[in-house]
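Reviewing the structure listed below.
Just so it is clear, none of the values below were taken in a lab; they were calculated from the coordinates. What you see is a predicted model; the values in this text were computed from it and never measured. Please note: Cβ atoms are built from the backbone with ideal geometry, for glycine as well, and neighbour counts cover all protein chains shown.
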Amino acid sequence: MFKKKEKVYDQPVQKDRNWGAKIGKGAGIVVGIFILFSLFVGSVYSLKENEYAVVTTFGVPKVVEESGIHFKIPYVQQLAKVPKTINGFAIGYDSDSGESVDKESFMITRDYNFVNVDFYVEYRVTDPTKYLYASENPVFILKNLTQSYIRDTIGLYDVDSVITTGKNEIQASIKEKIISRLEAEDIGIQLVNITIQDAEPPTQEVINAFKNVENAKQGKETSINRANQKRNEDIPAARAAADETVKTAQAQAEERVNEAKGQTARLNELYAEYQKYPLITKQRMFYETMEEILPDMKIIIENSDGTTQTMLPIDSFTNPSQEERTTVQKAETTEVGEE
């Protein structure tokens, strides 16, 4: 009876030992599967087209640029992803909320005026290895450099240029300085662009004053444009009038010269006739002159005592009678005979 009771007592203990062994074995399998799964997951990574992958093996980095599925050795190779795309940050305001950051935006100009200027900076990674290991935080370095050069450059311009006409020049100057400095630092990052988002005086009164200045400038430009337009219209008209006057004067001069030449030729002919027949020429000249200045008058011939003898019309000079013509012919014959 004692032996039977002893057999009944040992049977549950044996069963507990079997269950414990099974549980331990199952836990080991689960742990092994988890380890294998972790190793598998840690050895596979996916790379997008807009990303770089920097795989570091015992401190030696290697850049992977091709997108897709890649493998690495878990716990031996370390993975870091770097974006290829252009990224940016704001200076002078919070890009998420849009609220102004006064300590970044308030600056002093060359003419000792305060101005509130906001910038937006765009950059991209050119060397992933240097971006990760050449400096602790390259974006932070870029932001500090940008703020420094912004303040230096704004201080070289007056407030009017900063707010209105000099924005493009200021942006170009700051960009050139930052690019040169990043090339010297060689931290694997490149400035793409920097733009002034907004520039305004810090108070409403100053804002209104600058608006008035801007309106005055626009009015000035409008007046200048109108004056230039008027000038462009008047100058061709004046030139045309001047050309017409010159041409008229030249025509009149030519006409007068020709008239003078004609009169000279007539005088030369008259002088030649005068040399041949002085008396006849004198008489003819006298008749022609009288005909010209006294066309409608009569000649009154008086005696020596003042009494009127006769009245002759001017036609008697211009159309002499037969007797007068005979007298003239005799005078001509006498002159020819004397010669």
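Amide H of Gly88: which non-local residues (sequence gap of 5 or more, or other chain) have their own amide H closer than 5 Å, using H built in the peptide plane?
HN-HN under 5 Å from Gly88: Tyr123.
Tabulate in residue order the Karplus-calculated ³J(HN,Hα) for the range 101-112, using 6.51 cos²θ - 1.76 cosθ + 1.60 with θ = phi - 60°, rounded to whole Hz; enter x for Gly and Pro.
So the J values, rounded to whole Hz, are 10, 4, 5, 9, 9, 6, 9, 10, 9, 5, 8, 6.
Can you figure out the FRET efficiency of Ala241 with Asp152, using R₀ = 45 Å and their beta-carbon distance, to the nearest 0.05?
Working: r = 58 Å, r/R0 = 1.29.
Efficiency, from the Cβ-Cβ distance: 0.20.
Quick one: Karplus J couplings for the range 115-121, per residue in order, coefficients 6.51, -1.76, 1.60, θ = phi - 60°, nearest Hz, x for Gly and Pro?
Couplings: 9, 9, 10, 10, 10, 10, 10 Hz.
Do any of Lys175/Lys211; Lys84/Lys177; Lys143/Lys217; Lys72/Lys130 go past 30 Å between their Cα atoms, and which? It would help to have the intermediate numbers written out before the result.
Values: Lys175/Lys211 28 Å; Lys84/Lys177 24 Å; Lys143/Lys217 35 Å; Lys72/Lys130 21 Å.
From the list (Lys175/Lys211; Lys84/Lys177; Lys143/Lys217; Lys72/Lys130), the Cα-Cα distance tops 30 Å for Lys143/Lys217.
Return the sequence-ordered ³J(HN,Hα) values of the range 257-267 in whole Hz as given by the Karplus equation 6.51 cos²θ - 1.76 cosθ + 1.60 applied to θ = phi - 60°, using x for Gly and Pro.
Working through the residues one at a time gives 5, 5, 5, 5, 5, x, 5, 4, 4, 5, 5 Hz.
Points 7 angstrom from Cα along the Cβ direction at Tyr274 and Asp94: gap in nanometres?
My value for the distance between the label points is 11.4 nm.
Going by average Cβ neighbours within 10 Å, how do the peptides 263-275, 90-102, 112-124 rank, with the highest at the top? Walk me through the numbers on the way to the answer.
On the way: 263-275: 11.1, 90-102: 13.4, 112-124: 18.4.
Ranked by mean Cβ neighbours within 10 Å, highest first: 112-124, 90-102, 263-275.
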